[in-house]
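The values are calculated or read from the model by the stated rules, or taken from the named source; none is laboratory data. The structure presented is a predicted model; accordingly, all values stated were derived computationally and were not measured. Here Cβ is always computed from backbone atoms with ideal geometry, including for glycine, and neighbour counts include all displayed protein chains. Calculation scope for accessible area: heavy atoms of the full protein, side chains included, ligands and nucleic acids excluded. Shrake-Rupley method; radii C 1.70, N 1.55, O 1.52, S 1.80 Å.
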Amino acid sequence: MDDVVNFFGIERVLGEDEDSDSSEGSSVTPPSERTEDQVDYLRQESLISYDTSLPGLHVYLGNDLQELSGRTVLDEDSCQTIPIISLPGVVLMPGQILPLQLFNTATISMMIQIINNDRTFGLVNSRFSGRMFSNTLETVGTTVEIRSYREVERIYGGNFLRIKAEGRQRFKVLETKTQSDGIISAKVQILPELITTDPGECSKLSSLNKFRNPPPNLNSKKETNEYQCHQLVHRSAHKYNKFDFTNYTWFPEFVYKLYDPHILMKRIKEALKYWNRTDEKQDFMPCDPKEFSYWIAANLPLNDKQRLDLLKLNEVTERLRLELQILDECSALTCRDCMNIIAYREDIFSMSLQGPQGTYVNPNGYVHEAITVYKASKLRTVGRPSTEASWFPGYAWTIVECERCSCHMGWRFTAVDKKVKPVKFWALCRSSIQNTIAGASHPTDVYV
C-alpha cells in the first residue's frame with residue numbers, strides 16, 4: 001500500500017463540491033438482468049467525445065522529450081548480453097508502450113549508456129516467492145527499445161530520467177549476473193516468431209492453379225497473367241474458397257479453419273464486440289496476425305501467469321487460439337483477493353487509441369497497467385480528486401479500493417469539463433483484478 005499512497009503528492013486539489021457523488025457506482029446490475037432502459041443509459045454513458053489520442057502520448061511525462069531515430073532488430077535465435085530491469089506486476093508485450101520515471105542513480109547511468117549505444121534493454125516480470133520473500137525473476141521477457149527520453153534536474157538536487165519506450169522482441173533468460181551497483185546483465189536468447197504456412201500447399205496441384213478462383217482482393221493487372229485474367233472474367237460468379245484443397249485431404253474444411261490465423265482474428269474481433277461496444281469499428285487494431293495477437297494479449301485483463309504463458313508461445317496461431325478461449329470463457333472482473341465482482345466484460349471500453357488497457361507510470365516511478373471500465377461496483381473512493389499528472393488529460397483521478405478487503409483497485413476519473421463524455425470512468429489495475437466466469441465461486445484459469 002505504500003506504493004499506492006506514494007502515488008500522490010497533490011499540487012492541485014478540486015473542491016469537495018466537485019466530487020459529491022463519491023458513492024456512485026457502488027452497485028452494477030449483471031448484463032443478463034439489465035432492462036432496456038438500463039442498457040440504453042449505459043450505451044449513452046459509453047459514448048466518447050474525449051480525444052482518445054491523448055492517453056497514448058503520455059503527456060504527463062512532459063512535451064520536451066528528445067526523440068530517438070532508428071530501430072534495432074536482433075536476429076532470432078541469437079544470443080545477446082543485455083542489461084535488464086525487473087518490474088513487479090508488469091509483463092510487457094511486443095508493440096506495447098512502456099513509460100518510465102527513474103530515480104536510482106545507477107539505473108539512470110545504465111540507461112544513458114544504453115541510449116548512447118543501441119537503445120535496447122530487457123524487461124522481465126518479478127515476483128516475491130518463498131518465506132523470505134526473495135525477489136524472483138521470470139525466465140521470459142521482452143526487449144525494450146527507448147523511443148524518447150529526457151533527463152530532468154530536481155529542485156532539491158540530483159536528476160531523474162523520463163523515458164518512453166516500446167516492447168520489441170521476446171527473449172529467454174539463459175543466465176544473469178548482478179553487478180556491485182545492483183544492475184543486472186543477462187545472457188538471453190531471442191525467441192523466434194513462427195507463423196503457420198499454407199496447410200493446403202502440399203495438396204494443391206500446380207497444374208490446376210489456372211482453374212482456381214483468385215482471392216477477391218487480387219489485382220488482376222499486376223498479379224495474374226493474361227490467361228488467368230480471362231479465367232477471372234468467366235468465373236466471376238463463383239465464390240472464392242481458400243479451403244477448396246480439403247477435397248483432397250483426410251480432414252474436413254472446419255478443421256483447417258480452426259487453425260487459420262485470419263479466421264481466428266475475425267472470431268476474436270466478433271468476441272470483442274461483446275466486451276466493448278465502443279470498439280465496433282476496430283480501425284485501430286493491427287492487421288498482421290502476429291501484431292494482432294500481441295495487441296490482444298496487451299489489452300486482455302489477464303493475471304501475470306496467463307500473460308507469461310502467452311509470451312512463451314512461439315507460434316502465432318497457438319497464441320490466437322488461447323486468447324479466443326479466454327475471451328469466450330471469462331465474463332467478469334473480480335477483486336484478486338476477495339473475489340468481489342467489480343465489473344463485467346461488457347463494461348470495458350477504450351479511452352485510448354491503444355486499446356482498453358494501457359501502461360502508465362506515476363510521479364514516483366511505479367508502473368501500473370490499467371484497464372478502463374465505464375461502470376464499476378463495490379468500490380469506495382479514498383481522498384479527494386486531483387488533476388496532477390493525470391494519465392487522461394482533462395480528468396481528475398481519485399484512488400478507489402475494494403469495499404470488502406480494502407485492496408487498492410485503481411482510480412476513478414471524473415471530467416473537469418462536464419460536457420466531455422464520459423463524465424466519469426474507472427481505471428482498474430491489472431495486478432488487482434482477476435478474470436473469472438460470472439457466478440463461479442473461485443477464480444479459474446480458463447485455458448488449463
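The table below lists the values:
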read-out	value
Solvent exposure, largest accessible area first (probe 1.4 Å, DNA, RNA and ligands not counted), of ARG127, ARG154	ARG127, ARG154
Inter-label distance for ASN241 and SER406, nm, one decimal - labels placed 7 Å from Cα along Cα-to-Cβ	6.5
Cα-projected label distance for GLU388 with ASP181, points at 7 Å along beta-carbon direction, nm	3.0
Among the listed pairs LYS164/LYS378; LYS242/LYS273; LYS242/LYS305; LYS269/LYS375; LYS290/LYS419; LYS257/LYS312, those beyond 29 Å (Cα-Cα)	LYS164/LYS378; LYS242/LYS305; LYS290/LYS419
Segment ILE48-VAL416, extension gain: residue separation times 0.36 nm, minus the distance between their alpha carbons	131.0 nm
Mean projected area (nm²) of the alpha-carbon convex hull when segment 291-387 is viewed from all directions	7.9
Length gained when the stretch GLN189-GLU76 is fully extended (0.36 nm per residue, less Cα-Cα span)	39.9 nm
Gain upon complete extension [ALA106, LYS273; 0.36 nm per residue less C-alpha separation]	55.5 nm
Label-to-label distance, nm, for residues given as CYS287 and ILE263 (7 Å Cα→Cβ offset)	2.2
Rounded, prolate or oblate (a/c below 1.5 giving rounded, otherwise prolate when a/b exceeds b/c) for segment 250-346 by Cα gyration tensor	prolate
Value of relative contact order over segment 270-368, rounded to a whole percent, pairs C-alpha under 8 Å and six or more apart	33
Cα-based radius of gyration of segment 53-140 once divided by 2.2 N^0.38 Å, which approximates compact folds	1.27
